[in-house]
Amino acid sequence: MNTPSVKEYLIDLQNRIVQGLEEVDGKTFRLDQWGRPEGGGGMSRVIEAGNVFERGGVNFSHVYGSGLPASATAARPELAGRSFEAMGVSLVLHPRNPYAPTIHMNVRFFEALKEGADPVWWFGGGMDLTPYYGYEADAIHFHQTCKDSLQPFGDDCYPRLKKWCDEYFYLKHRKEPRGVGGIFFDDWNQPDFDTCFSLTKSVGDHFLTAYQPILELRKDTSYSERERDFQAYRRGRYVEFNLVWDRGTLFGLQTGGRTESILMSLPPIVKWRYDWKPEAGSEEDKLYTDFLIGKDWV
């Protein structure tokens with residue numbers, strides 16, 4: 001097991017992704033380095049009021065501590081009381097144009113330690129796409145790229161991680177998916193460290209290929225206040241998921257992570273309405289009928 005090589009890869013991944021996104025936006029991401037008194041720190045790369053991105057962040061963090069938080073031991077109570085080390089890259093991008101989808105991606109490594117016992121380690125991550133106005137071609141391209149990233153690891157890998165994503169990014173209180181899905185994995189430690197690390201790297205390395213062509217295609221589409229209004233309404237679902245269900249948000253807050261970096265995933269303009277429904281047959285309605293349905297896109 002080579003933890004330093006994981007950290008080196010993650011920092012390089014952050015730099016490569018930011019470079020690619022800056023080429024699209026034309027503005028630079030702010031670099032914000034931070035430390036954590038309990039151990040560790042990170043680098044937040046954030047853009048606000050860009051030419052393309054209304055808000056976006058590509059964050060690297062490497063934190064450690066003497067005790068695991070409740071969010072990390074809920075599914076594995078046998079790890080309670082262990083010290084931990086966690087590192088990862090996590091990003092969320094909110095374009096201004098309503099026809100350009102929001103995107104989330106993260107890759108991470110976790111290790112739980114106890115004197116006299118073998119380390120318990122695992123990888124996790126994935127990426128998922130959240131459109132406001134759906135395009136079948138975009139969903140197909142995104143899922144095909146996700147599938148390509150996992151193909152070297154077996155024919156059953158993509159269907160398994162696609163299903164996992166559909167189940168995880170689901171708003172139980174709304175009974176609807178967050179978006180058109182993607183891939184998701186957690187507690188990934190089989191068959192060995194090198195294979196798990198290779199899979200995680202492949203997911204990270206395919207991010208720009210999955211998202212950048214969609215962004216380039218949609219970022220200059222003309223829109224009106226109607227589309228912006230619907231985008232703000234649907235962004236409310238994103239906020240609800242991240243604050244109610246997302247384990248990564250809970251882990252960051254429970255471990256005393258940097259709140260500004262954790263909550264940079266939230267969009268800057270959001271609206272909620274009471275019991276609102278789109279007009280039947282409208283473009284807004286098609287998001288619900290044709291895209292938020294857990295479909296097999298490839």
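Rule-based calculations on the coordinates, nothing more; no lab input. All of these numbers come straight from a predicted model, not from anything done at the bench. Counting neighbours? That spans all protein chains shown, and the Cβs are built from the backbone with ideal geometry, glycine included.
Numbers for the structure displayed
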read-out	value
Selection from 60, 79, 134 lying farthest towards where the dipole of the range 1-152 points positive, charges on Cβ	79
Unsatisfied cross-links (Cα-Cα over 26 Å) in the set 162/286; 175/295; 163/271	163/271
Ratio of the Cα radius of gyration of the range 94-235 to 2.2 N^0.38 Å, where N counts its residues	1.19
On Cα atoms only, tilt of 193-205 relative to the major axis of the chain in degrees	30 degrees
Helix-only mean residue ellipticity at 222 nm for the chain, each DSSP H run of n ≥ 4 adding -39500 (n - 2.57), per residue, nearest 500	-12000 deg cm²/dmol
Rg over Rh, two decimals, the range 178-266 (C-alpha only, Kirkwood Rh)	1.04
Estimated Rh, the range 1-88: Kirkwood, alpha-carbon pairs, angstrom	14.8 Å
Whole-Hz ³J(HN,Hα) from phi, Karplus 6.51 cos²θ - 1.76 cosθ + 1.60, for the range 107-118, glycine and proline x	9, 8, 10, 9, 9, 10, 10, 8, 4, x, 10, 5
The range 98-151, Cα convex hull volume normalised per residue, Å³	78 Å³
Net charge dipole size for the chain [Lys, Arg +1 and Asp, Glu -1 on Cβ; Debye, nearest 20]	680 debye
Of every Cα-Cα pair in the chain, the percent that sits beyond 25 Å	47 percent
Dipole magnitude of the range 84-230 about its Cα centre (Cβ charges: Lys, Arg +1; Asp, Glu -1), debye to nearest 20	580 debye
Charge dipole magnitude, Cβ of K and R +1, D and E -1 - the range 1-131, Cα centre, debye nearest 20	180 debye
